[in-house]
Structure formats: structure tokens, C-alpha cells
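Reading through the C-alpha cells given below for one structure.
Taken together, the values in this text are just the output of simple stated rules run on the coordinates, not laboratory data. Just so you know, these numbers come straight off a predicted model, no measurement behind them. Positions of Cβ are generated from backbone atoms using ideal geometry, with glycine treated the same way; all protein chains shown enter the neighbour counts.
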Amino acid sequence: MNKWLRASAVLTLVALAMMVWSVLRPTPLPVMLAMSLGQAVGTAAFGIYGWVVLADLRRIRRDAKRAQELGLAEAAVEAPAAEAAVEAPAAEAAATKPPEPGS
Amino acid sequence: MHLDAFAVIALAGAIASALILIWYLVARPQLNRVTKLALLLGIGVFPIATAGSGNYAGFEATKHREFCGSCHVMTPYLEDATDPTSTGLAAIHTRNAQFGEESCYTCHADYGMFGTIVTKMGGMRHVYLYLTEFRNKTLAEAKAEIHILRPFPSSTCRRCHTTSAPKWSEVGDHAALLKELRAGEVGCVGEGCHGPAHPWSKQP
């Protein structure tokens, strides 16, 4: 997951380099490169980010649901609250060990 | 290098984004909400701002006279147009400060509804031809082959020259050919009345 995000960050830097080059030296090669390859690479990088973050949000929601099924039915854990719990420092622990019922 | 507002926005966005991304790559933070938000700015918001304004700046750059003159086969056109002693039509018009910096584009753009796009697609064709054919040609060889694709449309000249000014109408040929000129059936330059636009290309 983080590997993909690092790739996305590097791709973004590559795309930005092309765009900056085209702004500083507006001659045919850099301008055309920035407007074609630069756009494609930047869009791909943002696509990777969106995909990773969406997958992560889905995981958080799934974990929350599982926590609910494991005996928290009355507590009615709502997704945002569960997300906050997961993202607390003890993120991993919280995901696997649901809070005490009724807490 | 000239920096306008769009170029400045593009550079600022790139710097802001680069700072975030380098922080992310070096510090390797956990993927929590703060990191996601920072990356949304660094991979999404700032680069999109850079791309948007950078594309605009790039598009403007492609209209620039120096841009048109940057392939070697176009340098004689550029040199003549910017020669203060030249009496060619392009040179006369390039001296006008209002559009002189973009004089090639001003005369050679398509002014239809999708004019800018059509013009730039045509420009891509020129770049392609340059890379495949003209790159290694001498000026003399290129001169023999470079010619205008379609007869130069008089509508382009009529964007500025209305064909209704009194002094203009006094010219016998203008008056006699008024209908044809306005309909675009008779051109201003190709017919040999005005021009040559670029004396260099018409010299033997």
C-alpha cells in the first residue's frame, strides 16, 4: 500500500519536473512534453493515490463492521467513529480488539 | 524567460507539492488521516493547479513569435519579421506592439469556432513534419519545399482591415473586387496584390 503511494509521489515529482521545465523554458520540446507525457504521468499518479486511499477507507469500514458483528451490536459503532478509533495511535490493536461492550 | 501570473502560480504549486512529497518520501509517515490529507494536496490539489496554469502558460508560449521561430527552418521568417528595415508584410505587422510579440500566430491562426484547437493541431503536424523530414534539411532545401497549405484566407486580414474604411475603398481594385474580397473568393496576398508576406521565401 505505502509502496504504491511512494510510487505515486515519485511519479508526481516527475510530472511536476516536466511542467516546471516547460514554464521556465517554453520551447517546443519541453512544452509538448509537459502537455502530453506530463499530464499522463500526473494523472496516473493521482489515480494511484485515489485508488489506494479508497481501498484504505473501504478496509476501515470493513473493520468497523466486523467489530460490530463481534458483539457491539447495541453500541452501534458508526463508521466515522470507528475510523477515528482505528486511526488512534493503537490503530492495529483497535482494529483487531474491539472496545468493551457498552463503552 | 518571461514569468506571468500563470507561470508564477504553476511554480508555486510545484514547490508546495514537492515539499509535501519529499517530506512523505523521506519521513515515511503512517497512512493516517493527516498523511492522506497532505498527500491529497501534494498529489492532487497542488499539481492540478500547476498543470492548469502551466498548460495555460504553455499554450500562451506557443503563440509567441520566438516559439514559432525556434525550429531552424523558421529562423529566416523570424529574422525578416523582426528586421526593422524589412518592408515585408509580416515585418510591417510585427512592428505593431499590440500583437507583434505574437505576430505569426495573429496572422496564421484559424479564427473559426474551434480555431485555437484547429491551429494547434496544425502546429502538431508541423512539429511532426519537422521531426520526420525537415530536421536535417538545409535552409535552401527547406525553402524549396515549405509552402502554405491552403490559400491564405482573406478573412484573417479582414479581422483588422474591415474593408469599409474610406481610404481603403478609394483603391480601385478594392472597390472593384469588394464582393469577392468579402466573400473570401479573392485573397489579399496570394493573388500578388499585397506581399510578399515573407520576402525571403519568394526570392529565387
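Taken residue by residue and averaged, Cβ atoms of other chains lying within 10 Å of the Cβ of B:52-60 number 5.
Multiplying the residue separation of B:Lys137 and B:His72 by 0.36 nm and removing their Cα-Cα distance gives an extension gain of 22.5 nm.
Across the alpha-carbon atoms of the range A:1-72, the computed radius of gyration and Dmax are 18.6, 65 angstrom. In the protein assembly as shown, taking the dipole from charged Cβ atoms about the Cα centre, the farthest positive-side position among B:Leu89, A:Ala55, A:Ala7 is held by A:Ala55. Note on chain B: helix-only mean residue ellipticity at 222 nm, from DSSP H runs of 4+ residues weighted -39500 (n - 2.57) and normalised by residue number, equals -15500 deg cm²/dmol.
Placing dummy labels 7 Å off each Cα toward the beta-carbon, the span from B:Tyr56 to B:Phe114 is 2.3 nm. Counting other Cβ atoms within 10 Å as a rough exposure proxy, the listed residues A:Met32, B:Met74 run A:Met32, B:Met74 from fewest neighbours to most. The ranking of B:Leu129, A:Leu11, B:Leu19 by Cβ neighbour count inside 10 Å, starting from the fewest, reads B:Leu19, B:Leu129, A:Leu11.
Entry note, chain B: relative contact order of 18 percent, from Cα contacts under 8 Å with a spacing of 6+ residues.
A Cβ-based charge dipole, computed about the Cα centre of chain B with Lys and Arg at +1 and Asp and Glu at -1, lands at about 800 debye. Taking the fewest neighbouring Cβ atoms within 10 Å as the starting point, the ordered list for B:Ile22, B:Ile146 is B:Ile22, B:Ile146.
Relative protection proxy for A:12-21, B:150-159, from highest mean packing down: A:12-21, B:150-159 (other beta-carbon atoms within 10 angstrom). Close Lys pairs in the protein assembly as shown, defined as Cα atoms under 19 Å apart and 8 or more places apart or on different chains, number 6. The convex hull of the Cα atoms of the range B:65-149, projected and averaged over all directions, covers 5.9 nm². Two numbers describe the Cα atoms of chain B: Rg and Dmax, which are 23.4, 81 Å. Modelled spin-label separation between B:Arg159 and B:Glu79, with each label point placed 7 Å from Cα along the Cα-to-Cβ direction: 2.8 nm. Taken about its Cα centre, the range B:129-188 carries a charge dipole of about 220 debye when Lys and Arg each add +1 at the Cβ and Asp and Glu each add -1 at the Cβ. Where the alpha-carbon atoms of the protein assembly as shown are placed on the principal axes, they occupy 99, 41, 31 Å, in descending order. Taking Cβ atoms as reference points and 15 Å as the exclusive limit, the residues near B:His93 contribute a net charge of +1, counting Lys and Arg as +1 and Asp and Glu as -1. Considering the dipole of the protein assembly as shown built from charges on the beta carbon (Lys and Arg +1, Asp and Glu -1) around the Cα centre, which of B:Phe134, A:Gly42, B:Thr162 is farthest to its positive end? My answer, from the dipole projection, is A:Gly42.
What you get for the protein assembly as shown, charging only the Cβ of Lys and Arg (+1) and of Asp and Glu (-1), is a dipole of about 540 debye around the Cα centre.
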